[in-house]
1. Fewest to most neighbouring Cβ within 10 Å: what's the order for 26, 31?
2. Highest mean first, how do 36-45, 12-21 rank when packing is the count of other Cβ atoms within 10 Å averaged over residues?
3. Taking every alpha carbon pair in the range 16-82, what does the distance histogram look like in 10 angstrom bins from 0, in percent?
4. Label points 7 Å out from Cα along the Cβ direction at residue 74 and residue 42: separation in nm?
């Protein structure tokens, strides 16, 4: 029987840029690319790859897609270092 490869090292905690992006979504709700223009695409993509955010249609506007914080993203935000460590 073939087994699946297991990840031995958990994902790293969010960087300060990723942490800020996750906080934006937590505090303000789903945001489109235009509304998160200050956040680099690589940060958004890295958060999506880790399952912290997803790019999906908004409930009130099916034509408009936006970044949504996932349950995994909330957990990553909560277990990361205290906000004072991310002060810029």
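1. Values: 26 13, 31 20.
Going from sparsest to densest Cβ surroundings: 26, 31.
2. 12-21, 36-45
3. Final binned percentages: 22, 59, 18, 1.
4. A separation of 3.1 nm, rounded to one decimal place.
Bear in mind these aren't lab numbers, they're just calculated from the coordinates by the rules spelled out. This structure is a prediction, so every number in the text was calculated from the model and none was measured. Note: ideal-geometry Cβ built from the backbone for every residue, glycine included; neighbour counts use all protein chains shown.
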